[in-house]
Amino acid sequence: MAAEKYSMVKALNEALRRSLEADPKTLVMGEDVGRLGGVFRVTDGLHKDFGDARIIDTPLAESGIMGTAIGLALRGYRPVVEIQFDGFVYPAFDQIVTQLAKMHARALGHVKLPITVRIPFGGGIGAVEHHSESHETYFAHTAGLKVVSPSNPVDAHWMLRQAIASDDPVIFLEPKRRYWDKGVVDPLGEAALPLHAARVARAGKDLTLVAYGPMVKVCLEAAEAAAEDGHQIEVVDLRSLSPVDFDTLEASVKRTGRAVIVHEAPVFLGMGAELAARITERCFYSLEAPVLRVGGYFAPYPPSRVEETYLPDLDRVLDAVDRALAF
Amino acid sequence: MTVESTAGTATAAVPELVQLLTPEGERVEHPRFSLETTPEELRSIYRDLVLVRRFDGEATSLQRQGELGLWASLLGQEAAQVGSGRAQRPGDWAFPTYREHGVAWCKGVDPLNLLGMFRGVNHGGWDPYEKNFQLYTIVIGSQTLHATGYAMGITKDGTDDAVVAYFGDGASSQGDVNEAFTFASVYNAPVVFFCQNNQWAISEPTERQTRVPLYQRAAGFGFPGVRVDGNDVLACLAVTRWALERARAGEGPTLIEAFTYRMGAHTTSDDPTRYRIANELEEWKLKDPIERVKAYLVREGWADQEFFDAVDAESEQLARRVREGVRNMPDPDPSAIFENVYAEGHALVDEEREEYVAYAASFDGSEEVGEGR
C-alpha cells in the first residue's frame, strides 16, 4: 500500500490496526469501540477483523476501564484505552494518577504498564458541556505518565504506533477538531521523529510560536498572515508535553529572541506557564521580549455558541505576536 | 443453594454463616461446604496462624519502638487470611489491601518485604510476579479492578488460574469495587472477591456502609455471595477453595464475606477506644481464630505440648529475624528518588537527577545531603 491521503481519524484507525497486527497482546478497550467503531469512528472496522477478545466494548465506567486495563497489563497485555470524551476521564483520574502513573516506581521497576490512553480533547466542534476540555496539565504534572498530542494526520499515525509500542503509560490527546483534516500517510514507511521530539513546523527568524495539538494549525495560519506584514514567524509543534523537548524549543527561541505560547487550556498554570519559565531560564540573554501566552480564560469551558470567544484564534495569536514584536 | 445471595428470604433451613469449626473447637458439618483435612494439614494451618500473629505483633512493637512509621495490624483476621491464602494454587494471583500479611505469608512472600513501606524505605518494592502477590494497595478498593482485569486476561489466555481480590467492609462502598463487580460479572472473570468484614472502617461501623449483609450485594451483580465465619480458618479455606474452583471451571466471580473482627486499631495511628466499646472486643475474644484450632487439635489428640512449644519457639525465631531485619534495613540512597519513574526514561527526570547529584556534590563531602533520619 502506497502513501494515501488520510483524515486524522483514518490515520489513527490505521495505526491501531497495524499495532494490533504487530502484537497479539495489544487490545483496544472502551465504550462503544466495538461494533459502533467509537463515537468518532476511530476504531471503525477493528471489531470485525479482530473480534471480541481484542476489541472490547466495556461497561460504561471509566475508572473500571482504567483499572481493568491495569490488571490486563499486569497479565502481559498492552491495552489501548479509549476515553470517549475529554470530560469523561475524571472518573478514571484516580486510577490514572494513583495507580497507572506510580506502579512502576512502587514496584521498583518490576512492573511495567504499557498502556495508551487515547482521549479526544479540546474544543471547537460545537459540542455540549464536558466535550471540549483541555486537561493536559493535570496529566503532564504527574510523574510516571507521558503525555503527547499530535497536530496532524501523519503525526497522529506514527505517534500512536510509538505510544502503543512504549513500555510506559502514555496519555494520547487527540485534537478532535482536527479529526477530519487530511494528510498523506504511508503506513509502510517509518516515523520521521522519536515520540518525544518537537518539530519546527515552519521556520522563521523574528518570533517563535509554540503550540501542540489543535493550536498548531492556528499558529501556522498566524505565521502565514504575519508573513504578509513582513514578519518571519517560526512555529514549533511540541508534540510531546511530557517530556518536553526543551532543546528544540531553546534553539528556536535563541534564534528568534521572542516566544508566544498558544494553547486552548486556561493560561493560568497551563503548559505555557512551565514553558515560559523554562524558556526564560534557558534563553534569558537572547530574549527581546517577555514570553507571552495565549489561551483559554479562567472560566469553565463556555457554551458552544460563544466558544470562539474562549478559544485562541488567528486574531488573538496575531495580537500577541504584535505585542511581542513591539517590545 | 440457599446460602447464596438469594438468601435472606428462603434460608431458614441453613445458617447464614458458613462454619466448620466452632469457637469451642468443635468440628461441624455444613450442608454445602465440606472439607477433608489431615492432622498434618491442621498442624500446618495452626503453625501459619501462630507465626502470622507473632509477625504481626512484632511489627506493632517495632512501630512503637520507632522502627516503623506505621503498621496496619491483622490481629483477629488470621483465619480469614490463612484460610483464603492456603486455598490458592501457586499460579493464582492475590491482589491485597495493605493488611494482607497472612495472605502474603501463605503465598511465600518474605515478611520482611512487607515492612519496607511501613518503615519508609520504599512503597512496596517486591516483585509481584515472584509469588503472584501484587503490591499492597493503599487507596481503598482500587486493587479490585486490577484483580478483575488480571482475571479477564486469564480468560483470554485460556488457562485455569484464578484471582483473589481482597478488600474490606469500608471498601464495599467504593465505586471501584462496584465497578469491579460489574466488569467481573459481565466478562465472567475468574475472580474471587474476598471481603474481610472486620466490622470497622477506622471509626465507622459496617452500618455506615450498608443496609444489607454485604454478601447479599452479589445478587444484584448476578453472581453468588457467601458469608463465612471469618474466624474459622477451615470454613474460609473450604469456601475460598470452592469459589476458586468455580472460577477455574468458567463459572465466573464469587463474593465471599468473611465475617470477622479487627481486634486492634485500624493502624498504629488509631485509637479505637474513642469509638467502640470494650464489650465488643471481649465478645470477639471468645471467637479467637487460633484458640479454636488448638482446641480441636488437642481434643482429637493430633498435637501435643511438644508441638505447641515448637511452634512457639519458631514464632520467637521469626520475630527475632524480623526485628533484626527491620533494624538493619538500609535507607535508600536519596538518588533512588529518580529511579524507576519510567520504564524507558524521561528527559526531565534525567535532568533533575543530574541537578541533584551536582548539588549534593557541591557540599564536597563536608556534609551529607538528604540524609534520612
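Scanning region A:16-27 for residues that are surrounded by fewer than 24 Cβ atoms within 10 Å (Cβ to Cβ), touching a Phe, Trp or Tyr at 6+ places or on another chain (Cβ under 8 Å) and either of a type outside the set (S, T, N, Q) or not assigned by TED's automatic domain parsing to the domain that holds A:E62 (or both) turns up A:L20, A:K25.
Among the numbered conditions (1) within 14 Å of another protein chain (Cβ to nearest Cβ); (2) in a helix (DSSP H, G or I); (3) of a type in the set (G, A, S); (4) in contact with an Asp or Glu (Cβ under 8 Å, 6 or more places away or on another chain), the only one that B:S335 does not meet is (4).
Just for region B:160-176: of the residues that are facing chain A (nearest Cβ under 10 Å) and surrounded by 24 or more Cβ atoms within 10 Å (Cβ to Cβ), which one is farthest from A:D94 (Cα to Cα)? If we take residues in region B:160-176 being facing chain A (nearest Cβ under 10 Å) and surrounded by 24 or more Cβ atoms within 10 Å (Cβ to Cβ), then B:V163 is farthest from A:D94 (Cα to Cα). A:A73 - would you say it is of a type in the set (A, V, I, L, M, F, W, C), over 20 Å from the mean Cα position of the chain (by Cα) and buried (at least 24 other Cβ atoms within 10 Å of the Cβ)? When the stated conditions are applied, A:A73 passes them.
Would you confirm whether any residue within region B:21-28 is aliphatic (A, V, I, L, M) and closer than 17 Å to B:K287 by Cβ?
Residues of region B:21-28 that are aliphatic (A, V, I, L, M), as a first pass: B:21, B:28.
The next check asks that each one be closer than 17 Å to B:K287 by Cβ; those that pass are B:21, B:28.
Yes, region B:21-28 has at least one match.
Looking across B:D157, B:D127, B:D110, one residue alone is surrounded by fewer than 22 Cβ atoms within 10 Å (Cβ to Cβ), within 14 Å of chain A (Cβ to nearest Cβ) and over 22 Å from B:A243 (Cβ atoms). It is B:D127.
Going by what's in this entry, would A:F139 be described as assigned to a strand (DSSP E or B) and under 19 Å from A:Q95 (Cα atoms)?
On the way: assigned to a strand (DSSP E or B): no; under 19 Å from A:Q95 (Cα atoms): yes.
No: the conditions fail for A:F139.
Checking the condition over 18 Å from A:P120 (Cβ atoms), surrounded by 20 or more Cβ atoms within 10 Å (Cβ to Cβ), touching a Pro at 6+ places or on another chain (Cβ under 8 Å) and touching a residue at least 24 places away in the same chain (Cβ under 8 Å), which residue from A:V210, A:V185 passes? Steps first, answer last, please.
Working: A:V210 fails: touching a Pro at 6+ places or on another chain (Cβ under 8 Å).
Unique residue meeting the criteria: A:V185.
For region A:160-202, what are the residues that are within 26 Å of A:G71 (Cβ to Cβ) and of a type in the set (A, V, I, L, M)? First the steps, then the outcome.
Taking region A:160-202 and keeping what is within 26 Å of A:G71 (Cβ to Cβ), we get A:160-174, A:195.
Selection gives A:L160, A:A163, A:I164, A:A165, A:V170, A:I171, A:L173, A:L195.
The rows are residues; the columns are (1) outside any loop (DSSP other than H, G, I, E, B); (2) of a type in the set (F, W, Y); (3) touching a residue at least 24 places away in the same chain (Cβ under 8 Å); (4) in the same structural domain as A:I115 (by TED's automatic domain parsing).
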| residue | (1), (2), (3), (4) |
| --- | --- |
| A:K10 | yes, no, yes, yes |
| A:E14 | yes, no, yes, yes |
| A:M29 | yes, no, yes, yes |
| A:D44 | no, no, yes, yes |
| A:H47 | yes, no, no, yes |
| A:I56 | yes, no, yes, yes |
| A:L60 | no, no, yes, yes |
| A:G64 | yes, no, no, yes |
| A:L72 | yes, no, yes, yes |
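Determine if region A:276-290 includes at least one residue that is of a type in the set (K, R), in contact with a strand residue (DSSP E or B) (Cβ under 8 Å, 6 or more places away or on another chain) and surrounded by fewer than 24 Cβ atoms within 10 Å (Cβ to Cβ). Within region A:276-290, none of the residues are of a type in the set (K, R), in contact with a strand residue (DSSP E or B) (Cβ under 8 Å, 6 or more places away or on another chain) and surrounded by fewer than 24 Cβ atoms within 10 Å (Cβ to Cβ).
Scanning region A:86-103 for residues that are at the interface with chain B (Cβ under 8 Å from one of its Cβ atoms) and either buried (at least 21 other Cβ atoms within 10 Å of the Cβ) or in contact (Cβ under 8 Å) with a residue 24 or more places away in the chain (or both) returns A:P91, A:D94, A:Q95, A:Q99, A:K102, A:M103. In the condition set (1) outside the structural domain of B:P39 (by TED's automatic domain parsing); (2) within 29 Å of B:L51 (Cα to Cα), B:G345 is compliant with all but (2).
Against the condition without any contact (Cβ under 8 Å) to a residue 40 or more places away in the chain, in the same structural domain as A:A165 (by TED's automatic domain parsing), under 21 Å from A:D32 (Cβ atoms) and of a type in the set (A, V, I, L, M, F, W, C), how does A:I83 come out, does it pass? Spell out how you get there, then give the answer.
Details: without any contact (Cβ under 8 Å) to a residue 40 or more places away in the chain: no; in the same structural domain as A:A165 (by TED's automatic domain parsing): yes; under 21 Å from A:D32 (Cβ atoms): yes; of a type in the set (A, V, I, L, M, F, W, C): yes.
When the stated conditions are applied, A:I83 does not pass them.
The condition (being within 14 Å of chain B (Cβ to nearest Cβ), surrounded by fewer than 19 Cβ atoms within 10 Å (Cβ to Cβ), under 19 Å from the mean Cα position of the chain (by Cα) and of a type in the set (A, V, I, L, M)) is satisfied by just one residue among A:A197, A:A163: A:A197.
Cβ-Cβ distances below 8 Å connect the following pairs, each with a first residue in region B:140-152 that is under 16 Å from B:A162 (Cβ atoms) and at the interface with chain A (Cβ under 7 Å from one of its Cβ atoms), a second residue that is among the hydroxyl-bearing types (S, T, Y) and assigned to a helix (DSSP H, G or I), and a separation of six or more residues or different chains: B:H146/A:T68; B:T148/A:T68; B:G149/A:T68; B:M152/A:T68. Taking region B:190-225 as the range and being part of a loop (DSSP other than H, G, I, E, B), closer than 22 Å to B:M152 by Cβ and either hydrophobic (A, V, I, L, M, F, W, C) or not assigned by TED's automatic domain parsing to the domain that holds B:I256 (or both) as the test, only B:F223 passes.
Looking only at region B:180-223, residues that are within 14 Å of chain A (Cβ to nearest Cβ), under 22 Å from the mean Cα position of the chain (by Cα) and hydroxyl-bearing (S, T, Y) come to 0 in all.
Count of region B:166-189 residues, restricted to those that are closer than 15 Å to B:F221 by Cα, among the small types (G, A, S) and part of a helix (DSSP H, G or I), is 6. Only one of the listed residues (A:G38, A:G126) is more than 19 Å from the chain's Cα centre (by Cα), in contact (Cβ under 8 Å) with a residue 40 or more places away in the chain and away from chain B (no Cβ under 14 Å). That residue is A:G126. Only one of the numbered conditions (1) within 23 Å of A:G296 (Cβ to Cβ); (2) touching a strand residue (DSSP E or B) at 6+ places or on another chain (Cβ under 8 Å); (3) buried (at least 24 other Cβ atoms within 10 Å of the Cβ) is not met by A:S132, and that is (2). Do the conditions hold for A:L12, that is, is it surrounded by fewer than 24 Cβ atoms within 10 Å (Cβ to Cβ) and within 24 Å of the chain's Cα centre (by Cα)? Taking the combined requirement at face value, the residue does not satisfy it. From the list A:K25, A:K48, the one residue that fits, being touching a Lys or Arg at 6+ places or on another chain (Cβ under 9 Å) and either farther than 19 Å from B:D157 by Cα or of a type in the set (S, T, Y) (or both), is A:K48. For region B:299-320, a tally of residues being of a type outside the set (G, A, S) and without any contact (Cβ under 8 Å) to a residue 12 or more places away in the chain returns 6.
The values are calculated or read from the model by the stated rules, or taken from the named source; none is laboratory data. Bear in mind that the values here come from a model prediction, so they are computed numbers and not experimental data. All Cβ positions, glycine included, derive from the backbone under ideal geometry; neighbour counts span all protein chains shown.
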